[in-house]
1. Just one of I216, I248, I197, I220 is surrounded by fewer than 15 Cβ atoms within 10 Å (Cβ to Cβ) and in a helix (DSSP H, G or I); which is it?
2. Which one is farthest from K630 (Cα to Cα) among residues in segment 591-609 that are assigned to a loop (DSSP other than H, G, I, E, B) and small (G, A, S)?
3. So which residues in segment 663-690 are assigned to a helix (DSSP H, G or I) and surrounded by 17 or more Cβ atoms within 10 Å (Cβ to Cβ), if there are any at all?
4. Considering only segment 467-480, state which residues are assigned to a strand (DSSP E or B) and away from ligand 2 (no atom under 16 Å from the Cβ).
5. Quick one: in segment 501-516, of everything that is more than 17 Å from L418 (Cα to Cα) and surrounded by fewer than 16 Cβ atoms within 10 Å (Cβ to Cβ), which residue is nearest to ligand 3 (Cβ to nearest atom)?
6. Tell me the residue from I589, I601, I562 that is within 15 Å of ligand 1 (Cβ to nearest atom) and either surrounded by 15 or more Cβ atoms within 10 Å (Cβ to Cβ) or of a type in the set (D, E) (or both), please.
7. Which is β-branched (V, I, T) and either surrounded by 17 or more Cβ atoms within 10 Å (Cβ to Cβ) or in the same structural domain as D330 (by TED's automatic domain parsing) (or both), of V693, V660?
8. Can you tell me which residue is surrounded by the most Cβ atoms within 10 Å (Cβ to Cβ) among those in segment 162-173 that are touching a residue at least 24 places away in the same chain (Cβ under 8 Å) and within 15 Å of Q45 (Cβ to Cβ)?
Amino acid sequence: MLLSSFTIRQKLIGLVIILTLGIITTSCLAFYFSYQDTLTGKKEQIRNVIQASSSQIVFLNRQNNAGTITAGDWEQRIHDLIYNTQYGKDGYIYLMAKETQVYLHPKRPDLEGKFLEDIEDLPASKLMIDGFKRIPHIQGSAQFWKFYWPKPSGGPAIAKLTYAQQVPDSDFILGTGIYLDDLTPLYIKRGLSYFSITLAVLFAAIATALLIAKNIVNPIINLSSQMRNLSDGDIDQTIKYTEHRDEIGQMANALACFREHLIENKRLRYMHEHVQFLENFDPVTRLYNRRAMGESLEREIVRNFESQDSIYFLFIRLDLLRNLTIELGDDQRDHILVETANRLRQLLSINHRLARLSEGCFGLMLINKPEDTDLEALITSVLNTIEKPIKLEQLHIQIAARIGVTQFPEDGDQQFELIGRAEIAAKTARKKEQGWMYFSQLREQQVEQKMELWQDLSSAMENDQFYLVFQPLFDLQSNTPKSAETLLRWDHPKHGPISPAVFVPLAEQSGLISRLDHWVLNAVAKQCRQWIDKDITFPRIAINLSGISFLRSDFETKLQEIFDTYTVPLSNIELELTEGVLIEDLARIQDKLKRVRETGIRISIDDFGTGYSSLSRIKNLPVDHLKIDKSFIDDLDVNNQDLKIVQAIILMAQGLQLKVVAEGVETERQLSILREEKCDIVQGYLLSRPLSVSDYEALLDEDLIIEG
Ligand code: C2E
Ligand code: CA
Ligand code: CA
């Protein structure tokens with residue numbers, strides 16, 4: 001088993017147990033050795049006493065043998081010697097004559113003169129006699145015995161240690177002994193002091209362990225559990241021990257730092273989610289926004305492409321919302337929108353997707369429309385729900401709505417076609433004061449009315465009925481022409497000049513638009529070549545291009561081919577794309593824009609503000625100019641709301657290093673406001689109407705400067 005599989009607390013307890021056992025064992029061993037030492041010391045003492053007395057007896061014996069002292073003196077001196085020898089309180093000394101006759105025994109004088117075998121109360125006499133008889137043979141060596149014997153003062157037999165030795169050159173045996181229980185108080189005293197030292201050391205060890213537990217183990221355990229909580233996502237706890245100045249404090253501070261990172265991470269994730277939310281949802285109604293709707297429509301189209309199963313799209317336009325907003329203010333407007341969104345939500349089923357597309361416009365997509373769903377009944381209930389009065393603070397208001405309906409695949413197979421055409425149908429419904437309208441009806445009507453135009457359109461290109469005009473754009477810093485937007489004109493043989501506002505949508509509906517765009521690109525390239533040949537320096541030309549042409553996969557190759565034919569560098573050209581194109585899948589559109597820009601061409605976003613391009617979306621797109629839609633410029637001098645929007649767009653564009661163009665400038669007042677707001681470029685009838693080629697050439701020749 002690995003040591004690491006135990007917790008720190010278990011390890012600490014283990015250490016304390018081992019220490020305790022170690023301390024107790026050491027104390028016991030120390031006590032045992034000290035006991036042994038005491039015994040050895042006693043033996044040494046006894047031996048010394050016997051040795052000293054023995055040599056004195058030898059000395060007295062010699063004097064007696066030599067006749068220096070009398071037998072009486074000898075006897076007296078031997079007696080004095082034995083009786084005066086010091087021994088322990090319960091010890092004794094004796095002098096035994098040969099053949100085990102007790103000669104002198106100061107503790108038991110009654111035994112003197114008796115033979116051991118005659119002493120009746122001597123239970124071990126046999127053993128003793130054998131022992132004594134062996135002593136002469138082990139001459140000179142100390143002889144200890146341990147056996148049990150009652151004390152001289154009587155009582156039960158207790159353990160005692162005896163020593164006996166033969167006195168050299170005589171028949172005497174000198175012996176002594178000590179009762180072991182005499183040592184007991186000493187041992188108790190010593191044992192007690194060992195015990196208290198052990199207790200003190202144990203106490204110190206346990207106190208140290210507790211101190212370690214409190215200062216190291218507990219903090220580590222707590223920090224580890226805090227770390228576990230952090231990784232489980234609990235970042236609200238405050239990290240303890242950060243004030244410690246040791247390694248625990250360092251760990252705690254590192255953990256606190258980790259927690260800060262987690263909080264920062266969470267904040268970033270929240271922000272990211274919020275940005276993602278804004279990318280896909282409308283913050284006011286919390287419905288999908290135009291982009292998300294476009295994507296989901298695109299997905300459904302892809303899914304149904306093979307089967308050609310129908311998808312219906314309803315463009316729901318609230319009437320007059322913009323005017324209401326000016327009168328009621330933003331909060332009331334939001335209230336109306338939220339209320340309407342909530343009512344529409346109630347009508348939804350699994351087959352519906354609802355989105356807020358722009359200011360007062362909602363979109364409703366029907367997928368897998370079951371056979372029995374009555375589309376017209378649904379439309380009627382949508383209109384009825386919206387028209388129910390809405391209660392505002394002071395008043396009830398009633399809002400009307402118009403609905404335009406498109407159907408895949410009949411009305412288009414691109415999401416922006418379906419949405420855009422449904423919008424056209426909704427607008428037409430309003431013009432005709434109808435509640436709702438199918439786009440196909442519109443087409444039928446248009447077919448009736450404009451069949452002729454349509455047919456003419458296809459031959460117009462061959463018959464040279466198109467031409468280009470140029471409207472200059474002025475830089476507000478230098479007050480000189482910055483570029484020119486080229487606008488298409490159709491000189492109809494019967495109806496005279498027709499506005500592109502009329503025939504471009506026709507061309508889009510009939511599939512002619514790509515040919516038309518191709519014609520324009522070609523005409524611009526040709527025009528540029530003529531200017532170059534005539535040595536006319538001209539500023540960049542901006543070309544309006546339909547999304548359908550732009551999104552074709554071979555667009556950039558075709559573009560390059562056309563301009564290569566006339567050897568005109570694409571750096572002379574700018575493309576104007578409407579916001580509808582940007583609703584495409586972000587990665588795809590980024591890639592497309594990147595590839596197109598690699599040809600040297602510039603990109604500008606036309607009619608900005610009318611669609612639903614979010615700030616974060618524009619930020620991710622490689623574009624050069626933003627053209628604020630004419631509708632915001634129109635009322636700039638009277639409508640504070642529009643002014644605010646224009647200010648916001650300019651501010652945002654500056655942050656993104658984009659140049660801002662204001663189109664449709666018609667009055668001096670508008671121009672001066674735009675100057676104040678630091679708009680970069682302006683375009684409009686005030687400065688110049690769209691000009692024919694010759695007029696434009698004359699203008700370039702003039703070195704025109706607008707008044708600052
Ligand atoms: P747009 O791109 O927004 O072009 C600006 C339109 O506003 C032009 O109308 C221009 O003549 C007009 N305009 C410019 N300044 C003023 C002003 O101060 N006041 C007013 N009231 N109008 C002004 P136009 O030429 O009728 O073009 C209409 C739309 O047709 C254009 O809108 C553009 O979307 C489309 N279009 C024009 N030329 C082409 C083209 O060559 N190809 C394609 N695909 N679309 C084109
Ligand atoms: Ca334009
Ligand atoms: Ca425009």
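The values are calculated or read from the model by the stated rules, or taken from the named source; none is laboratory data. As the structure is a prediction and not an experimental result, all values here were calculated from the model. Counting neighbours? That spans all protein chains shown, and the Cβs are built from the backbone with ideal geometry, glycine included.
1. I197
2. Filtering segment 591-609 for residues assigned to a loop (DSSP other than H, G, I, E, B) gives 598-601, 609.
Remaining after also requiring small (G, A, S): 600, 609.
Values: G600: 28, G609: 10 Å.
Result: G600.
3. So the first thing to find is which residues in segment 663-690 are assigned to a helix (DSSP H, G or I), and the list is 668-676.
Scanning segment 663-690 gives Q670, L671, I673, L674.
4. Y467, D475
5. A501
6. Result: I562 is the single residue among I589, I601, I562 that is within 15 Å of ligand 1 (Cβ to nearest atom) and either surrounded by 15 or more Cβ atoms within 10 Å (Cβ to Cβ) or of a type in the set (D, E) (or both).
7. V660
8. Q165
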